[in-house]
Structures are given as structure tokens and as C-alpha cells.
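The numbers here are math on the coordinates, done by the rules we state, and not lab data. Source: prediction; values computed, not measured. Here the Cβ positions follow ideal geometry from the backbone for every residue, glycine too, while neighbour counts run over all protein chains shown.
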């Protein structure tokens, strides 16, 4: 009976292309409102963090944040696999299969998370973290406790984030921005409390900015399964090995894409820390956050298209996909103009933002502006490819460029003495290669001339 009620809601969601466009529009509006609030909170967080921590501690914190994201592959792609396969099941109005997908994904990830947390507790204390992060002034015991807090919170969040994948499969895309807003505001309040009380411990800072987001994720998960998704609560009896293989077949490919992409784009702060100094990570991160705002806005527009592409491709509606891609090209043009303006006003805006606490070279701004543009342009292609599950070319090119990333970046950064800007230019070259190849594949698929590897 409950599944019948959910089935009627699904039929309403997946009615027509006009409904899809309307849903994309309204969820984009909600996303912009809440993500705008989240961005504002995040911008206020930077000067507060610099006030709460000394520059080296904050630089180490930023490097830890970059490193821990490498473990996003812990879900072995089940998050994105659930998103794609779930959208396919919903397009076919197959709610029994949807519940099997949800149950199989949740229980599989729960086992992996439990094993990972056990490994973290057992082995993290044995690692010389101060040497890894080149941290001179932080007590080893404190740094170890910080890493334990961050890792345990992160791994638990991997399980809870599957709820977000369910919302995305149902094309309720604004949930990501709402959750981001709640976590950013909550973390900001926590750090503001530390500043007001004069507490400058890195460990207490870590507690505030990791446990508060975890509580938000837990609250959303409990709410979802007690209301909208109460018919899909994970249960052992719905776990099926066949569905696990089906999701993993696609999910593992997403893991490879995700892992290679992280090796290219999230290692820069760590490389700056070990090749130069943890303090310089602050310069990089401030500029990265500034230009990253354009990427956040672009991702907000693109997120609804992922599952919409899945639905349209499943129904062989190529005409809608072509029209959608034309809209995306206009988005890219508008955001490119905005980004050019952002580059020219960057010194003034950043000086006002952080009250002159850090002076950043224009070369760094230029390299990261180009990084943000390439990231956006690649996203305009890969959201379509990810939505339809054509990952074969992406995986091969990402593996090659991930291998080339460190030596190319070292050449520009150290050999040519390019510093932070040189390192980022090395990253930009790797991203450009991916942009070029993905553009060719999208064109072939839409022209229905993709064969062999181009159709995988």
C-alpha cells in the first residue's frame, strides 16, 4: 500500500519534458537561495578561522581537508550508482527495484564504513602525521586526535550521504544546497563561539567543523526515512547480490573517475605544503575559494541535469538532450564573462574580505581563474556523460592525466620556480586534456556516430 502511494508520486515527478524543465527551474532557484547563504557563511568563516588559529595550524587544517576527500571513493561508487540506477528505476516506475537498490546500497556501505572506522582507530596513532603535513608547532597527540575526529566523521558521513543520492534520483536537487547551508551556518556558529571564548585549539576547531555537519546529515536522513522515503527504509530482506553487482558495475567506474579527478584537483594544497610551506596553502585556498564561487553557482545549475539526462537518455529523447545542452552552453558563456570581471576585481575584493591579513600574487589569481573556467567547461560536458553512464573514455584519459599531474606540476612549480601559480598551471594542463577529449565524445554521441570506446 505504501509503495502504491509512492508510485503515484513518482508518476507525477516523471510526467513530461515540460515538467522536467519546470522542476529544474524551481530547484535551481531554491539551490541558489540556500547555496548563496552557505557561500556567505563560508566566506565569513575564513577570517574567523584565521583569528581562531595561527596561520600554520590553519594551513595544516586545509591540507587535512584536501587529503581526507581522497577517501570519497570509500562508497565504491554506490552513491552515484544508486543515483543513476535509481533514476532509471523511477523512470520505469519500478518501486520494488528502487527499494532493493536503496537497501543493498545502504547495508553494503554500512559494512565498509564500520571496517574503515575500525582500521582508522587501530592504525592512525601509529602514523607520524607531523612529518606528513610538515607541521612543526602542533603537538603530535593533538594532530593525531584531529585526524581521528575528521576521519571518523567523514566515513560516517559517507553512509549518510546516500540519502542525498536518493533525493537526486527523485530529482529533488535543492536538498544539497539546503544541507550545505545548514552545515555552513552551524559550523560558522561553532567557530564564532571559539573566537568569542578565546579558544585557539586546532582540536576544538576540528570538533566544530566536522561534528556539526555530521549532525545535519543524520537529521536529514532520519527525517527522510520517516516522511518522504518511509516506504524505502533499508531492510535486510531487500538486499540482493544481483542489484549490488548492477550498481557496482557502474559505481566502480564512478569511483575510478572520482579518484583520478581528486588526484588531479585536490592534491595541490598538499603539494604546496610539502614542496613549499603549510603557510602558503592559505594563499592558495583563499584565491581558490574566491574563484570557486563561480563553480559552485555553475554546479547548482548543472546538478538537476544529471538525473534529467539519465531519464531522457533512457527514453531515447535526444531532442530534449540537445536543447538542454544548448542552454548549458549559454550558462558557460554568462559565467565566463562573470569570471573575467571577478579576476580584475580580485585584489580589491579579497583585501576587503580578509581585512588585508594575506596578500596574494596576481599570478595565483590568474592561474586559479583559468582553473575555475576549465573546471566549469569540463563539467558542462561530463554531467551529460556521467548521467548516461558513458565513462570509458573519461576513465582512460583521467588515469593518464593523473599520472602526469605531479611531474608536470613539479616542473612548473619547482624546476621553473613558478611557485603556487606554476603548480596550478600544471593542473590546468591536465584538465584541458580532459576537456578536449570529453568535448569530442559528447559531439559523437549527440550526432549518433559514437562507436567503440566512444560509446562506452
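Helix 202-226 axis versus longest C-alpha principal axis of the chain: approximately 10°, rounded to the nearest ten. Against the chain, whose longest principal axis is taken from its Cα atoms, helix 95-123 shows a tilt of about 20°.
So, by mean Cβ neighbours within 10 angstrom, what's the order for 255-267, 278-290 with the highest one leading? Please report the intermediate quantities before stating the final value.
Details: 255-267: 19.7, 278-290: 22.8.
Packing order, densest peptide first, comes out as 278-290, 255-267.
Summarising the label geometry, the points placed 7 Å from Cα in the beta-carbon direction at residue 197 and residue 396 lie 5.6 nm from one another.
May I ask you to derive the FRET efficiency for residue 323 and residue 436 from their Cβ-Cβ distance with R0 = 22 Å, giving the value to the nearest 0.05?
Working: r = 24 Å, r/R0 = 1.11.
Once the sixth-power term is evaluated, E becomes 0.35.
Taking each residue as 0.36 nm, the span from residue 417 to residue 48 lengthens on full extension beyond its C-alpha to C-alpha distance by 129.6 nm.
Per-residue ellipticity at 222 nm for the chain, helices alone: DSSP H runs ≥ 4 residues times -39500 (n - 2.57), over residue total, nearest 500 deg cm²/dmol?
-28000 deg cm²/dmol
Full extension of the chain between residue 338 and residue 215 yields a length gain of 40.7 nm, computed as 0.36 nm times the residue separation minus the alpha carbon distance.
Between residue 410 and residue 330, the FRET efficiency from the beta-carbon distance, with R0 = 30 Å, is close to 0.20. Relative to the longest principal axis of the chain, what angle (0 to 90°, nearest 10) does the C-alpha long axis of helix 278-314 take? Between the helix axis and the principal axis of the chain, the angle is about 0 degrees.
On full extension of the chain, what length is gained from residue 222 through residue 236, given 0.36 nm per residue of separation minus the C-alpha to C-alpha distance?
On the way: separation 14, 0.36 × 14 = 5.04 nm, distance 1.80 nm.
Fully extending the segment from residue 222 to residue 236 adds 3.2 nm.
Specify the inter-centroid distance of region 301-347 and region 180-220, based on alpha-carbon positions, in whole Å. Rounded to whole Å, the Cα centres lie 33 Å apart. For 173, 27, the sequence from fewest to most other C-beta atoms within 10 Å is 27, 173.
In which sequence would 189, 302 go, from the one with the fewest C-beta neighbours within 10 Å to the one with the most? Walk me through the intermediate numbers first.
Numbers: 189 12, 302 23.
Taking fewest neighbouring Cβ atoms as first place, the list is 189, 302.
Here 333, 112 are placed in order of increasing Cβ neighbour count within 10 Å, fewest first, which gives 333, 112. Distance between the 7 Å Cα→Cβ label points at residue 93 and residue 149: 5.1 nm. Place a point 7 Å from Cα of residue 277 in the direction of its Cβ. Which residues in region 357-379 have their backbone N less than 15 Å from it? Within reach of a label on residue 277: 358-361. Take the Cα of residue 110, go 7 Å toward its beta carbon, and the backbone nitrogen atoms of region 155-195 under 15 Å from that spot belong to 156-163. Inter-part distance, region 147-173 to region 355-424, computed on C-alpha centroids, equals 25 Å. Checking (i) 139; (ii) 176; (iii) 150 against volume of the Cα convex hull per residue in Å³ calculated from these atoms, the matching label is (i).
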